[in-house]
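Here the structure is laid out as structure tokens; the discussion comes afterwards.
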Amino acid sequence: MTVQRKKLFRFIMPLTTLLLLAVMVIPVSAQETPTSCLDCGCNDNCTLTLGYWKTHSSYGPAPYDDVWGGREDLMFFSSGLTYIQVLNNAPKGNAYYILARQYIAGKFNEFVGVSITPEVTAALVWARDYFIAYNPTTGNEKPIRADAIYYADLIDQYNSGAIGPGHCSD
């Protein structure tokens with residue numbers, strides 16, 4: 001990515017975040033919304049962590065959760081890994097993977113209809129744009145790395161129940 005594109009990305013992303021915080025959140029379309037989720041209390045409006053989602057795929061060991069909808073073997077953006085491989089990958093300090101793991105869990109929580117704060121919605125949009133612009137070998141340089149880690153932490157707080165509706169009891 002050229003220096004000018006990086007500067008543009010750093011300028012546009014904060015604007016995107018501000019715009020999202022200023023408007024109402026549009027619900028996920030019915031087409032994307034899974035029909036069920038196992039033992040998670042989805043109707044209780046609570047979140048689940050990436051640990052739940054990675055163990056409830058078609059690869060187990062826990063019972064399959066329909067929220068996956070066959071995404072386990074789809075490529076995760078330009079990572080070179082599938083969704084389940086990303087969740088099972090130890091990030092080892094790589095900002096791309098730290099953010100990707102929280103993003104997947106956050107999107108799955110959103111898919112099942114768990115309420116989401118405007119800040120978390122903005123973080124998920126920022127993350128999506130980051131994954132479009134970067135891959136695991138790029139996007140780890142300052143200051144974009146710091147932004148990725150910040151948004152990963154924010155989404156983790158949502159997934160873990162520290163912000164938003166709270167975490168589901170296991």
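The values are calculated or read from the model by the stated rules, or taken from the named source; none is laboratory data. This one's a predicted model, so the numbers in the text were calculated from it and none came from an experiment. No Cβ is skipped: glycine too gets one built from the backbone with ideal geometry, and neighbour counts run over all protein chains shown. Heads up: the accessible areas ignore ligands, DNA and RNA and are worked out on the full protein's heavy atoms, side chains in. Shrake-Rupley method; radii C 1.70, N 1.55, O 1.52, S 1.80 Å.
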Across (1) open to solvent by 50 Å² or more (accessible area, probe 1.4 Å); (2) over 19 Å from Gly51 (Cα atoms); (3) not aromatic (Phe, Trp, Tyr), Thr117 clears everything bar (1)
Show the residue pairs that are 6+ apart or on different chains and have beta-carbon atoms under 8 Å apart, the first residue being within segment 89-111 and in contact (Cβ under 8 Å) with a residue 60 or more places away in the chain, the second being assigned to a loop (DSSP other than H, G, I, E, B) and aliphatic (A, V, I, L, M).
Phe108/Leu48; Asn109/Leu48; Asn109/Ile116; Glu110/Val28; Glu110/Ile116; Phe111/Val28
Tally, over segment 62-73, of residues that are open to solvent by 30 Å² or more (accessible area, probe 1.4 Å) and touching a Ser or Thr at 6+ places or on another chain (Cβ under 6 Å)
3
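In segment 50-101, which residues are of a type in the set (Asp, Glu) and in contact with a Pro (Cβ under 7 Å, 6 or more places away or on another chain)? Don't jump to the end; show me each part of the working.
Narrowing segment 50-101 to residues of a type in the set (Asp, Glu): 65-66, 72-73.
Matches in segment 50-101: Asp66 only.
Quick check: anything in segment 102-111 over 22 Å from Ile84 (Cα atoms) and in contact with a Pro (Cβ under 9 Å, 6 or more places away or on another chain)? It would help to see each step written out before you state the result.
Step one: filter segment 102-111 for residues over 22 Å from Ile84 (Cα atoms), giving none.
The answer is no, given that none of the residues of segment 102-111 is over 22 Å from Ile84 (Cα atoms) and in contact with a Pro (Cβ under 9 Å, 6 or more places away or on another chain).
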Of those in segment 124-170 that are among the small types (Gly, Ala, Ser) and in contact with a Ser or Thr (Cβ under 8 Å, 6 or more places away or on another chain), the residue nearest to Val86 (Cα to Cα) is Ser160
Matching residues in segment 49-66 (within 16 Å of Gln102 (Cβ to Cβ) and touching a helix residue (DSSP H, G or I) at 6+ places or on another chain (Cβ under 6 Å)) number 4
In segment 125-139, how many residues are under 18 Å from Phe108 (Cα atoms), surrounded by fewer than 22 Cβ atoms within 10 Å (Cβ to Cβ) and of a type in the set (A, V, I, L, M, F, W, C)?
2
